[in-house]
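Beneath this line is the structure, given in structure tokens, with notes to follow.
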Amino acid sequence: MPLQEFKQGSVICNAGEPLRHLFFITKGTAECTFNGHNFKFDQGDTIGLYALSTGSHTHTYKVTTDITAFSYQYDDFSSLETLMRDNADVANLFVVSMCRQVSKFLQYKQRLKQESERAYKYVKDVYPIYERLCERFAFTSKKLAESTNLSHPSTVDQIDDWLNEYYLEIKSVESATLKGFFRKPGISVGFLRRSIADIDDVMHTCKKYQDYLRNISWLFLSNGGSDLFTLISELHLNAINIKGADAAVETLMTPLNALLSNMSYIDRALYETRQASYKSDLAEKREHQVITTVSAGSGGAKTNLADSLEEILKYSECAPELSNKFTKYVRDYTALTDRASSDDTAHHIRRELTTMFNEIYTKVLIKSVTTAIVPSTIIKMFLNFGYVDSALAGHENADYLYSIADTVKGDPISGVYTVSEWMAKIYAGEREPCRNEFDMDYAGYVQELKSNYKIDEAEAAALLQNTGEKLKFEMENIFPIVNKLTFGRITTFCPLFSDNNIQRGLETSLVTPALLKSNFDEIRNIDYSAFYRETVYSNPEIGVPKETVHVEVMPEVILMPNLGIRGIMWQEIEGRKRTTPARMFMPLFMLTDLRTLVITLTGEFRWEMCKRIQGIRWNDVTDPSLTSEYCDYLQFYRTNRELSTDVKAGVKAELSRARNNWKNVFVLNYIDWIMYESNSSQRLNKFARKIMTMYCPFSAAIRDSLGQNPQYAELIKRFTFKQQQREQLLSRSLHKLSQTVKELPQELLNELEYMKK
């Protein structure tokens, strides 16, 4: 039990270090940080008690003032039991110290709980008031991300309320009484064991509360502008001239500022900046205040949507001639009794609007991604929805678009982007542009300019690094074409959001990252290998010269600003590297069945990826593959003796329906394969089913289910046999490798798991 000294600024122990000593502080202070919160340890506290459950320190302890402490060696819990049995004074010190430390965590947990409940109550109470004030002052309210799905903080708390009082009461017992009670080693050791479990639970609950507060803090203040501070401050500033608005909105803003001033995990610098800007703008508005009255619910454009077109054109900084012409054509288009008419007047208006829209859209998008200023809600509506005017969109539709404009976002982790997010990625150099309609990528485009002597070597090298030119290439070569294709009705296409194109509710047709993930996951649960690609793993240093493995690469989906009916499988890889994501485009508002569309795009991806891998031999049946066998089957079905007359008639009908395009026939069969055949509902003939089983196999669970069906049994048995052969070979290789290396390569372990799917 030596006495040790630690100087100010030194570290007693680091997080992750094994527990070797317990330190009872007799003088001085130390602190440890738990998820950003500092806990103080002073005279009477023991450092190391938190680590008893794991045997290693979970915190780093730093000395804040010089410390003197008794050091007790720790080998394992049995050595601690021996120490406490032999020394009642030590047992008493550890018990009291544990009570103090558990109490500190319980008090911190209680503080987090109260803060979480205050934040939750404010969101639930204030957002409905905000919506009522918007309606009262003729403003369109905005949706608050995740507010409707916000759970009560009590769901994260598993600690009984009596626990804090229990430890506080033990700590407050007179020293002599406490020492006498815990003199018995069975009681003191048992108490310590029980306390270790309690403190683990309390720390875990504190972590949950901290996560809850971090998540809910984005509802109060965020960089994206979809937060309560933005919603209430915008309403206050925009409605201040309306009779009664100033005082009404102030009753929401005052408690919000009080909450934000003391709330954990709020970005203080961001809050101070936004608060200063808000106060400055508010003072200026009040100085020039002219009180008016409004009549809500008149059926016309809401106040904050009335000048949408003017705001968009002003932001674009386009020439006055273009601005005036575009405004005139928008009015003419709005006035048409049939905007989808095929007559010359309607066709001319749509064509002119499309040309002008693309020019203005390019200017707006480039400005939005090249400046640090967050675009206004109207600009976001223009970029993500193609919205320009509330009368053209329909006032109720415009209200809905405005309410979601700040919350509609992609999910880069899942590979889903809005078109503005995608362009921002290209400008930031994080993504390369797509290939154009002639299957030429950006590098090929630069090479062509160089080959035609339009640029020299130095200019070509500069262009390859110029993200602004890459963005321009994407906007000029991909955006206009894809926007029209995803819209689907080519002859009546107009990129402006118009209510005549709405065929189903906007809320039900909105494509979200979560919805896309759900649909892709459903396909992967059926066709498990859909997005896996073959690649080579090599590690000669451990004796693996070359091994074929499969890696899953999910596609990137870009959501186009229209109400459409089609999706586009644009490219299966980026450049020449086969392990890069495919790129798919689809409308942000999908007017047909999304599930069928995702299955269709997956089928198209399978076909195109096989062609890419096979190269010029993609239809050569002497090199068996999905495409070559399907081409051979469709090309020679008339002479195929395995097919009956009725089946041949069916294949002929499929070819006719697909306009004799073999890829389209495969995609139609793939849809049936996923939607029906996986449920034992037979739609394919036995020849198509044979190819599908080999190259688009069902997952193990579905194979087991279908294995009893005679139509599938032999095909599944054959596939399973080949799969088991490959699995056995890999298992033997891994077993042999395990004799020489300590840790098997994760790539090979992943491949073994793939073989079992």
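Quick one: would you say residue 490 is β-branched (Val, Ile, Thr), within 27 Å of residue 603 (Cβ to Cβ) and open to solvent by 40 Å² or more (accessible area, probe 1.4 Å)?
yes
Looking only at segment 725-750, count every residue that is open to solvent by less than 100 Å² (accessible area, probe 1.4 Å), under 14 Å from residue 544 (Cα atoms) and among the acidic types (Asp, Glu) and tell me the total.
Looking only at that region, the number is 1.
Of all residues in segment 524-535, which are part of a strand (DSSP E or B) and not β-branched (Val, Ile, Thr)?
If we filter segment 524-535 for residues that are part of a strand (DSSP E or B), which is where we start, we get 532-535.
Within segment 524-535, 532, 533, 534 meet the criteria.
Table: residues versus (1) in contact with a Lys or Arg (Cβ under 6 Å, 6 or more places away or on another chain); (2) part of a loop (DSSP other than H, G, I, E, B); (3) of a type in the set (A, V, I, L, M); (4) closer than 30 Å to residue 576 by Cβ.
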position: 595; (1), (2), (3), (4): no, no, no, no
position: 609; (1), (2), (3), (4): no, no, yes, yes
position: 613; (1), (2), (3), (4): no, no, yes, yes
position: 624; (1), (2), (3), (4): no, yes, no, yes
position: 650; (1), (2), (3), (4): no, no, no, no
position: 656; (1), (2), (3), (4): no, no, no, no
position: 660; (1), (2), (3), (4): no, yes, no, no
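Are there any pairs, at least 6 apart or on different chains, whose C-beta atoms fall under 6 Å, with the first in segment 525-554 and modelled with pLDDT under 95 and the second small (Gly, Ala, Ser) and part of a strand (DSSP E or B), and if so, which?
From residues that are modelled with pLDDT under 95, the pairs are 546/538.
For segment 558-581, how many residues are in contact (Cβ under 8 Å) with a residue 40 or more places away in the chain and not in a strand (DSSP E or B)?
8
Can you spot a residue in segment 92-115 that is closer than 30 Å to residue 23 by Cα, of a type in the set (A, V, I, L, M), touching a Gly at 6+ places or on another chain (Cβ under 9 Å) and part of a helix (DSSP H, G or I)?
yes
Output the residue which, of all residues in segment 1-57 that are polar (S, T, N, Q) and either under 19 Å from residue 79 (Cα atoms) or in contact with a helix residue (DSSP H, G or I) (Cβ under 7 Å, 6 or more places away or on another chain) (or both), is least open to solvent (accessible area, probe 1.4 Å).
Here the answer is 46.
Hey, residue 327 hits all of (1) of a type in the set (Ser, Thr, Tyr); (2) open to solvent by 60 Å² or more (accessible area, probe 1.4 Å); (3) closer than 29 Å to residue 234 by Cα but one; which does it fall short on?
(2)
Are any residues in segment 172-200 of a type outside the set (Gly, Ala, Ser), open to solvent by less than 80 Å² (accessible area, probe 1.4 Å) and closer than 21 Å to residue 48 by Cα, and if so, which ones?
Of everything in segment 172-200, those that are of a type outside the set (Gly, Ala, Ser), open to solvent by less than 80 Å² (accessible area, probe 1.4 Å) and closer than 21 Å to residue 48 by Cα turn out to be 182, 185, 187, 189, 191, 192, 196, 198, 199, 200.
Out of 227, 211, report the one residue that is under 22 Å from the mean Cα position of the chain (by Cα), among the charged types (D, E, K, R) and surrounded by 20 or more Cβ atoms within 10 Å (Cβ to Cβ).
227
Answer with yes or no whether residue 363 is within 21 Å of residue 397 (Cα to Cα) and surrounded by 15 or more Cβ atoms within 10 Å (Cβ to Cβ).
Here the answer is no, as residue 363 does not meet what is asked.
Taking the conditions exactly as written (open to solvent by less than 10 Å² (accessible area, probe 1.4 Å) and either among the hydrophobic types (A, V, I, L, M, F, W, C) or in contact with a strand residue (DSSP E or B) (Cβ under 9 Å, 6 or more places away or on another chain) (or both)), does residue 511 satisfy them or not?
yes
I want to confirm something. Restricting to segment 653-668 and keeping residues that are of a type in the set (D, E, K, R) and free of Cβ contacts under 8 Å to residues at least 12 places away in the same chain, which single residue is surrounded by the most Cβ atoms within 10 Å (Cβ to Cβ)? Break it down stepwise before answering.
First pass over segment 653-668, keeping only residues of a type in the set (D, E, K, R): 654, 657, 659, 663.
Checking the rest, the ones that are also free of Cβ contacts under 8 Å to residues at least 12 places away in the same chain come to 657, 659.
On the way: 657: 12, 659: 8.
The qualifying residue surrounded by the most Cβ atoms within 10 Å (Cβ to Cβ) is 657.
Only one of (1) within 24 Å of residue 666 (Cα to Cα); (2) open to solvent by 30 Å² or more (accessible area, probe 1.4 Å); (3) in contact (Cβ under 8 Å) with a residue 24 or more places away in the chain fails for residue 602. Which number is that?
With respect to (1) within 24 Å of residue 666 (Cα to Cα); (2) open to solvent by 30 Å² or more (accessible area, probe 1.4 Å); (3) in contact (Cβ under 8 Å) with a residue 24 or more places away in the chain, residue 602 is out only on (2).
Can you find a residue that is crowded, with 18+ Cβ neighbours inside 10 Å and part of a loop (DSSP other than H, G, I, E, B) anywhere in segment 242-261?
The answer is no, given that none of the residues of segment 242-261 is crowded, with 18+ Cβ neighbours inside 10 Å and part of a loop (DSSP other than H, G, I, E, B).
Please determine whether any residue of segment 704-724 is basic (Lys, Arg) and surrounded by 16 or more Cβ atoms within 10 Å (Cβ to Cβ).
Quick first cut of segment 704-724, residues basic (Lys, Arg) only: 717-718, 722.
If we keep only those that are surrounded by 16 or more Cβ atoms within 10 Å (Cβ to Cβ) as well, we get none.
Checked against the condition, which is being basic (Lys, Arg) and surrounded by 16 or more Cβ atoms within 10 Å (Cβ to Cβ), segment 704-724 yields no hits at all.
Residue by residue through segment 411-430, note down the ones that are open to solvent by less than 20 Å² (accessible area, probe 1.4 Å) and more than 20 Å from residue 367 (Cα to Cα).
If the condition is that a residue be open to solvent by less than 20 Å² (accessible area, probe 1.4 Å) and more than 20 Å from residue 367 (Cα to Cα), then 415, 416 are the ones that fit.
Can you tell me how many residues in segment 698-757 are in contact (Cβ under 8 Å) with a residue 60 or more places away in the chain, in contact with a Ser or Thr (Cβ under 7 Å, 6 or more places away or on another chain) and assigned to a loop (DSSP other than H, G, I, E, B)?
2
Could you tell me which residue of segment 618-639 is least open to solvent (accessible area, probe 1.4 Å), considering only residues that are out of contact with any helix residue (DSSP H, G or I) (no Cβ under 7 Å at 6 or more places or on another chain) and within 17 Å of residue 686 (Cβ to Cβ)?
632
So for segment 84-92 (the condition being surrounded by 19 or more Cβ atoms within 10 Å (Cβ to Cβ), under 29 Å from residue 173 (Cβ atoms), among the polar types (S, T, N, Q) and touching a helix residue (DSSP H, G or I) at 6+ places or on another chain (Cβ under 8 Å)), does at least one residue qualify?
Yes: segment 84-92 contains one or more residues that are surrounded by 19 or more Cβ atoms within 10 Å (Cβ to Cβ), under 29 Å from residue 173 (Cβ atoms), among the polar types (S, T, N, Q) and touching a helix residue (DSSP H, G or I) at 6+ places or on another chain (Cβ under 8 Å).
Would you be able to tell me the number of residues in segment 330-358 that are farther than 12 Å from residue 495 by Cα, part of a helix (DSSP H, G or I) and open to solvent by 30 Å² or more (accessible area, probe 1.4 Å)?
8
Which ranges mark the helices (runs of 4 or more DSSP H) fully within segment 410-523 that have 1 or more residues being touching a residue at least 60 places away in the same chain (Cβ under 8 Å)?
419-427, 442-451, 467-477, 479-487, 506-509
Answer with yes or no whether residue 71 is open to solvent by less than 50 Å² (accessible area, probe 1.4 Å), at pLDDT 80 or above, more than 35 Å from the chain's Cα centre (by Cα) and of a type outside the set (Asp, Glu).
Yes.
Go through (1) under 30 Å from residue 380 (Cα atoms); (2) not in a helix (DSSP H, G or I) and name the single condition residue 159 misses.
(1)
The values are calculated or read from the model by the stated rules, or taken from the named source; none is laboratory data. Here the structure is a predicted model, which is why all the values come from computation and not from measurement. Reconstructed Cβ throughout: ideal geometry from the backbone, glycine too, with neighbour counts over all protein chains shown. Calculation scope for accessible area: heavy atoms of the full protein, side chains included, ligands and nucleic acids excluded. Shrake-Rupley method; radii C 1.70, N 1.55, O 1.52, S 1.80 Å.
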